[in-house]
Amino acid sequence: MTSTEVPLSVNRGLQMAGLDAQFWSTQGSNLLLAAIAILAFLVVVSLIMFGADLVRGAIRDKVQLVVLISPVLLLLAIGLIWPAIDTIWLSFNDVVEQPDPVTGIYTTVTQFVGLDNYVFAFSDPTTLRSVINTFVWMVLVPALSTGIGLAYAVFIDRAKGEKILKSLVFMPMAISFVGASVIWGAIMYDYNQVGNQTGTINAVLDLLGFNPVNFLVDSPWNTFYLIVILVWIQTGFAMVIISAAIKGVPVEMNEAASLDGANPWQRFWSITVPSIRPTLVVVLTTITIASLKVYDIVRTLTQGRNGTDIVANKMYVFGFVEGREPLGAALAVILFLFVIPIVIYNVRSLNKVKETR
Amino acid sequence: MSITMPPAGPAVTPDAEPTRKKTRAAQAKENLTSPWATAAAIIIALLWTIPTVALFMTALVPGSRYRTDAWWTVLLDGDLTFSNFGYVLFRSFGDNSTAPPLLGNVMNSIVVTVPAVVFPVVLGLMAAYAFAWIPFKGSNFLFVMIFALQVVPLQLALIPLLRILGPENVGVAGQFPGVWIAHTIFAMPLAVFLLHNFVAQIPSDILEAARVDGASHTQTFFRIIIPLSLPAVASLAIFQFLWVWNDLLVSAVFGGNKTYPLTYPISNLAGAYGEFAYLVPSAAFISMIIPLIVFFALQRYFVRGLLAGSTKG
């Protein structure tokens with residue numbers, strides 16, 4: 001460790017100069033701002049709650065209920081529901097520059113254009129490509145993550161060192177999509193046209209006598225290589241949930257089956273899988289939704305080049321980079337349409353669970 | 001989004017070992033019947049671990065050799081160095097004359113994350129208590145709606161919410177409060193749902209006894225709900241911490257130059273593939289250290305939160 005500490009401390013000594021007093025005062029005031037915000041928040045919430053406790057009479061319970069529940073309802077109404085409705089409305093409009101009929105000054109006007117934005121989304125080749133790619137992500141990521149997670153959970157069930165084996169596959173859950181993209185893009189997939197291959201996979205391919213692959217450029221397989229990154233992250237999630245469900249399957253059922261002469265493969269398909277089916281559905285739907293929304297991977301590695309774009313990234317580019325907000329809104333609505341079946345299914349299941357309680 | 005609704009209580013220990021005896025018996029059977037399964041498990045475990053190890057090793061490759069030599073070559077030459085870490089943290093992340101060092105973004109990540117964890121946890125617990133224990137008209141409808149909001153893509157709210165928080169209205173977009181508010185809003189459905197699952201399982205005797213003693217909702221909340229739901233609060237807090245710390249989209253939309261967390265410059269430089277690409281692995285590793293520590297130290301709570309079941313909005 002001593003040999004590694006030296007360069008670091010040397011660097012610090014030399015380079016702290018770059019971090020001047022201005023830097024530290026900014027950081028100090030930012031931290032102070034966060035501390036004050038938390039403190040003020042807690043004080044205000046407590047004061048309101050205790051204030052509601054001073055109310056006397058029959059109305060007290062009602063006042064306190066309102067205090068407990070209104071912050072969440074207001075935040076959701078103003079921050080999520082209203083904006084969602086507004087986005088849907090915006091997706092049927094266009095923003096155009098027009099001279100004002102009276103003054104003649106050019107102003108931006110919102111104009112109803114019907115389905116034009118959607119027609120564009122499905123006719124513009126690059127946008128259409130992003131819709132198709134999103135669909136591919138939505139199908140492949142849940143299938144692969146759940147499949148591998150299930151296999152792994154079964155393989156390591158009650159094995160020696162199960163905890164450690166679980167942690168290893170679960171670990172990518174703690175890594176950001178950006179971090180994972182760097183890992184795969186710059187480390188595993190790196191491709192050099194000339195000279196040595198420095199990317200881990202290409203170096204191995206080189207060693208085995210295969211041609212190196214330009215993973216992020218070769219279309220259409222590059223989309224598949226990006227999908228691998230999300231599968232790498234989500235498999236741990238699938239595995240942990242499925243593993244807990246497998247442990248809930250009664251041991252007696254497996255023992256009875258094996259006495260009847262069922263081999264492990266038969267036991268897996270006739271006992272384990274049917275027993276954990278509800279969990280598999282939860283895992284599949286959860287990962288499906290996640291794979292729709294992730295934009296970090298594409299943005300970090302390809303910015304949508306070479307036919308890898310997805311709706312979530314395109315929506316960001318339209319809405320916040322190119323200033324074509326109505327188009328961005330239409331793409332957001334398309335994402336929403338993808339999840340509507342899942343929303344309906346989940347609400348039904350939730351109501352079923354509530355009824356059986 | 002749990003359909004099976006596994007109990008969220010402390011009873012759930014995902015790594016719960018069955019009794020010693022059973023473990024050994026099952027293990028013997030496992031070893032006899034499935035050497036292939038063990039081999040496959042080890043291969044998967046390796047495939048899932050190698051990339052992170054490779055990242056760390058690549059972060060140690062000096063810039064002069066980054067383009068020409070893989071990390072194992074540099075390792076064999078004894079040229080690995082920690083200097084990239086010091087450079088990106090304290091000197092510059094990119095071109096020395098224009099790009100600021102990452103230390104500022106590390107601080108931004110902290111300043112963004114801590115309040116964005118505290119706010120939704122507190123507000124979510126209040127609402128969770130109300131939905132679980134205070135009967136009122138429309139309670140069921142509202143709860144189902146919040147549950148459904150979990151799966152609505154947050155992209156659907158971004159454009160109008162930015163306008164609401166932007167300069168013409170609230171005027172906090174591009175500053176820390178804007179990012180905190182956005183994160184708090186997007187965390188709300190998960191927070192309410194996850195905490196509700198837990199709070200609803202507090203034995204009703206305890207709450208009824210408090211009511212009989214004349215405790216108001218406020219008193220019950222402070223004296224019973226908060227102390228008893230600390231494990232669930234811990235789960236949610238870890239969840240939200242990882243989510244906010246690792247987030248790029250919300251920070252990119254609602255933040256600005258003065259608030260960008262680690263993910264933002266890393267994503268930009270990683271996509272540029274320029275002469276400073278050699279700095280990206282060490283930066284990515286720096287961004288991963290704190291979440292990995294939190295993750296391994298508190299994995300039990302994190303898994304419990306996952307099992308309490310939900311998707312992230």
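For the range A:199-357, the Kirkwood hydrodynamic radius comes to 19.5 Å, computed from all pairs of different C-alpha atoms. In chain A, taking the dipole from charged Cβ atoms about the Cα centre, the farthest positive-side position among A:LEU90, A:GLN27, A:THR279 is held by A:THR279. If R0 equals 25 Å, the separation of the Cβ atoms of B:ILE206 and B:PHE136 corresponds to a calculated FRET efficiency of about 0.75.
Quick check for you: which residues of the range B:35-72 have the amide N under 18 Å from the point 7 Å beyond the Cα of A:VAL194 toward its beta carbon? The answer is B:65-70. Considering only A:PHE224, A:PHE122, A:ILE105, and ranking their Cα positions along the charge dipole of chain A that arises from unit charges at the beta-carbon of Lys, Arg, Asp and Glu, the one farthest toward the positive end is A:PHE224.
With the Kirkwood sum run over all distinct C-alpha pairs, chain A has a hydrodynamic radius of 25.8 Å.
By the helix-only formula, in which each DSSP H run with n ≥ 4 contributes -39500 (n - 2.57) and the sum is divided by residues, chain B has a 222 nm mean residue ellipticity of -20500 deg cm²/dmol.
Residues considered: A:PRO278, A:PRO83, A:PRO101. Largest GNM mean-square fluctuation over chain A, using C-alpha springs under 10 Å, is found at A:PRO101. Dipole orientation for the range A:199-322: of the candidates A:THR300, A:GLY236, A:MET253, A:THR300 has the Cα lying most toward the positive pole (charges on Cβ; Lys, Arg +1; Asp, Glu -1).
Directionally averaged projected area (the protein assembly as shown, Cα convex hull): 36.1 nm².
Choose one answer from A:GLN303, A:GLN111, A:GLN234: the residue with the largest mean-square fluctuation in a GNM of chain A with alpha-carbon springs under 10 Å. Between A:GLN303, A:GLN111, A:GLN234, it is A:GLN111 that shows the largest mean-square fluctuation. Legend: calculated FRET efficiency, B:ASP79 to B:TRP36, from the Cβ-Cβ distance at R0 = 35 Å, rounded to 0.05, equals 0.30. Give the share of C-alpha pairs in each 10 angstrom bin for the range B:254-313, from 0 to the last occupied bin, in whole percents, shortest bins first. For the range B:254-313, the pair-distance distribution reads 19, 31, 32, 17, 1.
With R₀ set to 60 Å, the beta-carbon distance separating A:ALA77 from A:LYS160 gives a calculated FRET efficiency near 0.70. Summary value for the range A:90-203: 11 percent relative contact order, contacts being C-alpha pairs under 8 angstrom separated by 6+ residues. Of the cross-linked pairs A:LYS314/B:LYS258; A:LYS160/A:LYS247; A:LYS293/B:LYS137; A:LYS314/A:LYS352, those separated by over 27 Å at the C-alpha level are A:LYS293/B:LYS137; A:LYS314/A:LYS352. For the range B:184-313, the pair-distance distribution built from all alpha carbon pairs, in bins 10 Å wide starting at 0, is 11, 30, 28, 18, 9, 4, 1, 0 percent. For the pair B:ASP213 and A:VAL109, label points projected 7 Å from Cα toward Cβ lie 6.8 nm apart. Straight-line reach from A:LYS163: which aspartates and glutamates have a Cα under 15 Å away, not including same-chain ones fewer than 8 places off? List returned: B:ASP15, B:GLU17.
Along its principal axes, the range A:25-89 has C-alpha extents of 52, 39, 8 angstrom, given from the largest down. The equivalent ellipsoid that matches the C-alpha gyration tensor of chain B spans semi-axes of 41, 31, 15 angstrom, in descending order. Based on the Stokes-Einstein relation at 20 °C and a viscosity of 1.002 mPa s, and on the Kirkwood radius from alpha carbon pairs, the range A:165-250 is assigned a translational diffusion coefficient of 147 µm²/s. Average 1/r across all pairs of distinct alpha carbons in the range A:73-219, invert it, and you get the Kirkwood radius: 21.3 Å. The range B:236-313 and the range A:217-279 have Cα centres lying 28 Å from one another. For chain B, a Gaussian network of Cα nodes joined below 10 Å ranks B:THR259, B:THR81, B:THR184 by mean-square fluctuation, and the top entry is B:THR81. Rounded to the nearest 10 degrees, the angle from helix B:176-199 to the longest Cα principal axis of chain B is 50 degrees.
Coordinate-derived values only; no laboratory data. Note that the structure is a prediction, hence the values are computed from the model and not measured. We place every Cβ from the backbone using ideal geometry, glycine too, and count neighbours over all the protein chains shown.
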